[in-house]
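These notes concern the structure reproduced below.
All of the numbers you see were taken from the coordinates with simple rules; none came from a lab. Just so we're clear, the structure is a prediction, and the values are computed from it rather than from any experiment. Note that each Cβ is placed from the backbone with ideal geometry, even for glycine, and that neighbours are counted across all protein chains shown.
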Number of protein chains: 2
Amino acid sequence: MTTRDRLVRVATKQFAAHGYRNVSVRDLCRAAGANVAAVNYHFGGKLGLYREVVGAAVDAIRTSSERMIFAAGDRPPVERLHRYVSAYLRTVARNGRAPDRARAAWVHQLMAHESMEPTPLAPWIAEQALMPRIRYLRALVAELMDARPTDRRVHRCTLSIQAQCLFYAAPNKFRDSAFPSWPPGSAELAAAADHIVEFSLAGIRHSAARPARRAARY
Amino acid sequence: MTTRDRLVRVATKQFAAHGYRNVSVRDLCRAAGANVAAVNYHFGGKLGLYREVVGAAVDAIRTSSERMIFAAGDRPPVERLHRYVSAYLRTVARNGRAPDRARAAWVHQLMAHESMEPTPLAPWIAEQALMPRIRYLRALVAELMDARPTDRRVHRCTLSIQAQCLFYAAPNKFRDSAFPSWPPGSAELAAAADHIVEFSLAGIRHSAARPARRAARY
DNA sequence: GATTTGTTCAAACAGTCGTTTTAGCATCGG
DNA sequence: CCGATGCTAAAACGACTGTTTGAACAAATC
């Protein structure tokens, strides 16, 4: 394997694990068995290498989203929601059976770091990778609630679902120690996906049943 | 104000905003109008200053939790849940009316950074600040579901609620751009708290109504 | 008034950061 | 064989990191 490929491979792991700023070029090169100058020669600098990694992550998310949306087709919205959540949670499972299909956890780890300590690439990532997913989920929730996608109830329910998915996907040291038997195995993960769908469907139906008003009885 | 106090004040803001590693002693001292050696003189080093800040954050969370739990008393569980969520979301509101009572957003920003890039203080923070809250919420959910706190359905519902609260509390660049009109004003925040409670209550009741089984119909 | 104590200061320490330089390698086209 | 090309090597660059030093200063203590 070429030096370039080794660098990309190592950088993917490291950047995802510790974020752009907390990874040094020297660490990367040592881990990749390359010279310090290699990163500048092949990628024009540290940011160039990071751009390469982020580009791969964005592509992975986008193609995975499109595949998921296409596979869902025009099936009932409840099933499409389940596929959405299930696909999201499956990405955190380290033991993906199909390697080429396994959009690994590193993608979401990278996103989590980027969301907390944004690099100049953050806006582009948001538009390319995340927004399509959000828009799809929002349309889906709107359909489930029989409301317009701009309805505030739709926004809030979308947010509630997204929050639950993110809680599984994003790395979080405290969650790991606060919730027993974490991280979940693939069977528990499937059960968790079922839970999120059932839980959220009940919430959606409850929210759709009543008009958007301010509950003042507490 | 003494140099020591100015340093703590500046460090609180900076560490919360950028995390321990991404803040330099020189930046802190420049912002505080102090000499570079001041932080070593007063705190024995950068980590000592960070310990001071984290200690204040942990105290703030713990006392706020205890006050919230005490104020809830033995009121109906539904109302206690609303107080829990409401108190959580109120911490992200920058325009807290009562300054002394305002457990500001910086506490959660600090926690978010610590959860992604843990320092040696992470385990202590988890046990002192976070676990009491989680245990309280878990017991509350168990009561609402009429189940034991060790029930997996209780765990999952607790996680769903916590995820929604965290989504509001933790800083997240992508969320800010993906969801319109963010961050929410205090009125929208109260409405969001109502939504989370209603949404989650529906989910909890749905989850409690059926035994913990694996739904295999998707 | 002399000495001690608490605090601040500029300067420098050794180390790491990303990047650049310059030389040395093969390999290939002529 | 010769030069050109693609890549790698060690060394050094200037800037930045947390920390330490030793002198300076004010106020308090003897």
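For chain A, adding -39500 (n - 2.57) for each run of n ≥ 4 DSSP H residues and dividing by the number of residues yields -22000 deg cm²/dmol at 222 nm. Taking one quarter of the surface of the convex hull spanned by the alpha-carbon atoms of the protein assembly as shown gives a direction-averaged projected area of 22.5 nm². Between identical copies, the spacing of B:D74 label points, each set 7 Å from Cα toward the C-beta atom, reads 5.9 nm from nearest to farthest. Charged side chains reduced to their Cβ positions (Lys and Arg at +1, Asp and Glu at -1) give segment B:52-196 a dipole of some 240 debye around its Cα centre. Residues within the reach of a label modelled at B:A139 (point 7 angstrom out along Cα to beta-carbon, backbone nitrogen below 17 Å), restricted to segment B:35-73, are B:62-73. The length gained on full extension between A:D74 and A:T150, counted as 0.36 nm times the residue separation minus their Cα-Cα distance, comes to 25.2 nm. In a Gaussian network model over chain A where Cα atoms closer than 10 Å are linked, find which of A:R80, A:R21, A:R156 has the largest mean-square fluctuation. Evaluated over chain A, the most mobile residue of the options is A:R21.
Couplings for segment A:110-122, taken from phi via the Karplus curve 6.51 cos²θ - 1.76 cosθ + 1.60 with θ = phi - 60°, read 4, 5, 4, 5, 5, 6, 8, 10, x, 9, x, 8, 4 Hz in order; Gly and Pro are left as x. Binned at 10 Å from 0, what are the whole-percent values of the Cα-Cα distance distribution for segment A:23-142, short to long? Histogramming segment A:23-142 at 10 Å steps yields 11, 36, 32, 14, 6, 1 percent.
Rg over Rh for segment A:130-194 works out to 1.08, using Cα positions for both radii and the Kirkwood form for Rh. Beyond 22 Å in Cα-Cα separation lie the following of the pairs B:K13/B:K46; A:K46/B:K46; B:K46/B:K173: A:K46/B:K46; B:K46/B:K173. The charge dipole of segment A:1-82, taken about the Cα centre with unit charges on the Cβ atoms of Lys, Arg (+1) and Asp, Glu (-1), comes to about 320 debye, rounded to the nearest 20.
Springs between Cα atoms under 10 Å define the GNM used for chain B, and in it the highest mean-square fluctuation of B:Y168, B:Y136, B:Y41 occurs at B:Y41. Between this copy and the others, label points of B:Y41 are 4.9 nm apart in ascending order, each placed 7 angstrom from Cα in the Cβ direction. Hydrodynamic analysis of segment A:1-64 uses the Kirkwood radius over alpha carbon pairs. Inserted into Stokes-Einstein at 4 °C and 1.567 mPa s, it gives a translational diffusion coefficient of 111 µm²/s. Shown for chain B is the translational diffusion coefficient from the Stokes-Einstein equation, using the Kirkwood radius over Cα pairs, a temperature of 20 °C and a viscosity of 1.002 mPa s: 112 µm²/s. Working from Cα pairs under 8 Å separated by at least six residues, relative contact order for chain B is 22 percent.
Within segment B:99-168, the proportion of Cα pairs with more than 20 Å between them is 41 percent. Distances between equivalent label points of B:P132 across the copies, with each point positioned 7 Å along Cα→Cβ, amount to 4.7 nm, shortest listed first.
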